Amino acid sequence: PGSALSAYGCALIFSRLRRRLEAVGLPFGEMLKLFNPPGDKTLTSEQWLDIASSLPLGMSRAEMQSVFSSFDEQRTDRVAVAALEAGLSRCSPQECSRIPPWISQAMQNGLQQELAATPFAQDHPGLARESDFRQVVMRTERYLTSEQLNSLVLLADKTADGHVDFVEFASRFGGGAPPGEPLRVPGVSELPIPPPMDLPDGASIGIIGARTADVLERQGFAAELLPALLALWSGGDLSAIADAAAARLLATLPLGMSLPEAMALLSIDGGVASLALWFRDLQAQKVWKAQTDWAAANIPGQALRNVLRSQVADAESRSLEPAEFERALLDAGVAPGNVPMAMLLAVKGFEGDVRVAEFLAAFGGAAPPEAK
């Protein structure tokens, strides 16, 4: 478990977080809904850290763990979402951009030039290990107290693995960032573009869209906020993200899409903004209901559950390769001609692996009672 922060340290981290969320127009509470079970009013440390790993918030996992520990006073590994929201609301996004006198003096004394001239890790342009960043600061400013040094480090944005973005730090406190400029995103220089691949056909896109709209609705995440969510990767400028790169990001998020499915969805004209509005329309029209009615008539849910339990160890806590899941559908009695449709209904991971638990929860009939 991470060590608890002082109230001031926690406020600095929350200020940095709020600065990034407000830059893209993403409410903190909405963001959290993607990472905890529907209706759950608490977060575990694993869910909280998953946010740091999944989204470019400028916070390290170690900082996120320390924040969580500060709120988890009873050491239950659960923190109320309302408590986190209240904590964030008390912190101004400007707090992390105000220049303390001792940082201003350090910049004048050459810290900015020293950071720019230091050959940090060449494989991480603009980033430095926290220990190296501290050494440069101490070499330039020998009279900083340990409290001032720790505060300086807490003011710096970081990657999830803890690398300090010294370029963003120097820009924020050295006067180099023009007002309204998109925020630099630690560790994100150029978003990868997926290679060409076979995509689902037009008829399939409608089903994939209805399924994804249902995932968003169950999680309680407003579909129209998807553009804001993706804009985190560009510091607020969604237009800087190519559709193919946006598809890759969507497939990495907990939305139940494989990469080819996400690529197919973003083949729709209008990009992410149009896709988000389409999801909202699909929800309003209850399109997913027709798919669940088809599944009730064509997928013998209880038989499928039994097949999976007999053939796959711990099936309900695993993901299966598509071919393996297709065999299970056939063995359960799904007509061969209906297998492709059944596969389209399945929530998937980035590589196309089928999430068994989600499929059985939706189409597997009543789960047997737990053995006592």
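The values are calculated or read from the model by the stated rules, or taken from the named source; none is laboratory data. None of these values were measured; they are calculated from a predicted model. Ideal geometry is used to build each Cβ from the backbone, glycine not excepted, and the neighbour counts take in all protein chains shown. Only protein heavy atoms, including side chains, enter the accessible area calculation; ligands, DNA and RNA are left aside. Shrake-Rupley method; radii C 1.70, N 1.55, O 1.52, S 1.80 Å.
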Handout entry: Largest-first principal axis extents, alpha carbons of the stretch 124-177, Å
Key = 28, 26, 16
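Taking the Cα centre of the chain as the origin, how large is its charge dipole in debye, to the nearest 20, when only Lys and Arg (+1) and Asp and Glu (-1) carry charge on their Cβ atoms?
On the way: 31 positive and 44 negative charges, 157 e Å.
Result for the chain is approximately 760 debye, rounded to the nearest 20.
If you take the square roots of the eigenvalues of the alpha-carbon gyration tensor of the stretch 330-369 and sort them as a ≥ b ≥ c, do you get rounded (a/c under 1.5), prolate (a/b over b/c) or oblate? Don't skip to the end; give the middle numbers.
Values: a/c = 2.33, a/b = 1.07, b/c = 2.17.
Oblate, because a/c is 1.5 or more while a/b does not exceed b/c.
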Completion exercise
Here, the chain modelled as identical Cα point scatterers in vacuum has Debye log10 I(q)/I(0) at q = 0.13 Å⁻¹ of -1.08
Completion exercise
For the chain, longest principal axis from Cα atoms; helix 45-54 axis from its Cα atoms; angle between them, nearest 10 degrees, is 80
Problem - Probe 1.4 Å, all protein chains present, accessible-area order of MET263, MET197, largest first - result: MET197, MET263
Exercise for the section: If a/c stays under 1.5 just call it rounded; otherwise compare a/b with b/c (prolate if a/b is bigger, oblate if not). Do that for the stretch 1-124, with a ≥ b ≥ c from the square roots of the Cα gyration tensor eigenvalues. Expected result: prolate
Problem - On Cα atoms only, tilt of 146-155 relative to the major axis of the chain in degrees - result: 40
Fill in the blank from the handout: Expected field for LEU5, accessible surface area in Å² at 1.4 Å probe radius, rounded to 10, holds 50
Practice task
Sort out for me the Cα centre separation of the stretch 239-262 from the stretch 275-342, rounded to whole Å.
Solution key: 22
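Per 0.36 nm of contour for each residue apart, how much would the distance between HIS124 and ALA297 grow if the chain were fully extended, relative to their Cα-Cα spacing? Walk me through the numbers before you get to the answer.
Working: separation 173, 0.36 × 173 = 62.28 nm, distance 5.35 nm.
Gain on stretching HIS124 to ALA297: 56.9 nm.
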Practice task
May I ask you to rank LYS33, LYS286, LYS41 by accessible area, largest first, using a 1.4 Å probe over the protein chains only?
Solution key: LYS41, LYS286, LYS33
Practice task
Subtract the Cα-Cα distance of ASN306 and ARG142 from 0.36 nm times their separation in residues, and report this length gain in nm to one decimal.
Solution key: 52.2 nm
Fill in the blank from the handout: Taking THR42, THR212 and ranking on accessible area (1.4 Å, protein atoms only), highest first, one gets THR42, THR212
